[in-house]
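Written below as structure tokens is the structure these notes are about.
Since every read-out is calculated from the coordinates, none of them should be taken as a lab result. As the structure is a prediction and not an experimental result, all values here were calculated from the model. Positions of Cβ are backbone-derived with ideal geometry, glycine not excepted, and every protein chain shown enters the neighbour counts.
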Amino acid sequence: MLGHAAKLLARARFAIAFTGAGISAESGIPTFRGRNGLWKTYRAEELATPEAFKRDPHLVWEFYKWRMRKILKAEPNPAHKALAELENMGVLKAVITQNVDDLHREAGSRKVVELHGNIFRVRCVSCSYRENLKESGRVFEFVREKELPKCPKCGSLLRPDVVWFGEPLPREALEEAFSLAERADVVLVVGTSGVVYPAAYVPYIVKERGGKVIEVNVERSGITPIADVFIRGKAGEVMPELLRRVKDIMAER
Ligand code: NAD
């Protein structure tokens, strides 16, 4: 399986990666589904919604600041690093991610398309104000603050610049992801349940156009039925081995 996947990647003309919460699990960031996804007594699906924010912005911000603190302590794992190296080698052209944790960029990936936003960005609910808290150097101060965050331009509430359940995806990111998928001859799918649409169309687009689908997951997913190669295992263990094999094939040329 690993050997076949490595050959497909080494031969690819335009390979892309498509990742989900599972790639960050070994960095200590809980996925939404499963036991570790609980925060206090809430399920993420109850808090990551526009309705929850309207009802109780304090509670939703408390949840997001808890997640931000967790993510700030997290580091990219060998799977994120392997994807960054595959991009450096010219094998991967882009990473399309459903994650909001910024760990692909932290690992050194340069072309990252974020379909569900970024937890370190905030935006105003009323005006066009947006801020990247990492870039403005305000992130540590921000997560400690107990008051609700207000827009410095108009005074309205700020909200996390992430896609909540029931919200549309950012158009530009979605169009970019679909256009990358249309060009791709190989997609490497890592750690996603493949049930969150429209993001999960990405591997289907590649497949429909005759491309190959490689999947790495600890269990079968919504993508597995169309996978040409399914590698069962933890991303942090499988990906460095896959990288090593791609390097071996490329060195033989
Ligand atoms: P998901 O639907 O992408 O499912 C997680 C998948 O990862 C599952 O299929 C699981 O089998 C697999 N997995 C778990 N551990 C793995 C490992 N070590 N190696 C390989 N595969 C592994 O993710 P979700 O948690 O259901 O979240 C849905 C949405 O919530 C995401 O698309 C994202 O927008 C958001 N989210 C983001 C983060 C993050 O940024 N890290 C974390 C949680 C949720």
**Fill in**
Summing -39500 (n - 2.57) over every DSSP H run of at least 4 residues in the chain and dividing by its residue count gives a helix-only mean residue ellipticity at 222 nm, to the nearest 500 deg cm²/dmol, of -11500 deg cm²/dmol
**Request:** Starting at the first residue of the range 185-200, write each ³J(HN,Hα) from the Karplus equation 6.51 cos²θ - 1.76 cosθ + 1.60 with θ = phi - 60°, in whole Hz, x for Gly and Pro.
**Result:** 9, 9, 10, 9, 9, 10, x, 10, 6, x, 10, 9, 9, x, 3, 5
**Complete:** Nearest 10, in degrees from 0 to 90: the angle of helix 171-183 to the longest Cα principal axis of the chain is 0
**Message:** Per residue of the range 93-104, what does 6.51 cos²θ - 1.76 cosθ + 1.60 with θ = phi - 60° give for ³J(HN,Hα)? Whole Hz please, x for Gly and Pro, Karplus curve as stated.
**Reply:** 9, 6, 10, 9, 10, 9, 7, 10, 8, 6, 6, 5
**Prompt:** Taking H as built 1.01 Å from N, whose amide H comes closer than 5 Å to the amide H of LEU92, not counting residues under 5 places away?
**Reply:** GLU87
**Asked** To the nearest 10 degrees, how steep is helix 235-252 against the longest Cα principal axis of the chain, on a 0 to 90 scale?
**Response** 40
**Request:** List the residues whose amide H sits under 5 Å from the amide H of LYS212, counting only those 5 or more places along or on another chain, with H placed 1.01 Å from N in the peptide plane.
**Result:** VAL186, VAL187
**Mean Cβ count within 10 Å, highest first, over the residues of peptides 8-14, 247-253, 98-104, 122-128** = 98-104, 8-14, 122-128, 247-253
**Prompt:** On a 0 to 90 degree scale, rounded to 10, what angle separates helix 2-11 from the longest Cα axis of the chain?
**Reply:** 90
**Item:** Those lysines that a straight Cα-Cα span of less than 18 Å connects to LYS93, excepting residues fewer than 8 apart in one chain
**Value:** LYS7, LYS81, LYS111, LYS207, LYS212, LYS247
**Asked** To the nearest 0.05, how large is the calculated FRET efficiency for ARG244 and THR224 if R₀ is 35 Å and r is the Cβ-Cβ distance?
**Response** 0.90
**Prompt:** When only C-alpha pairs under 8 Å and at least 6 residues apart count, what is the relative contact order of the range 82-150, in percent?
**Reply:** 22
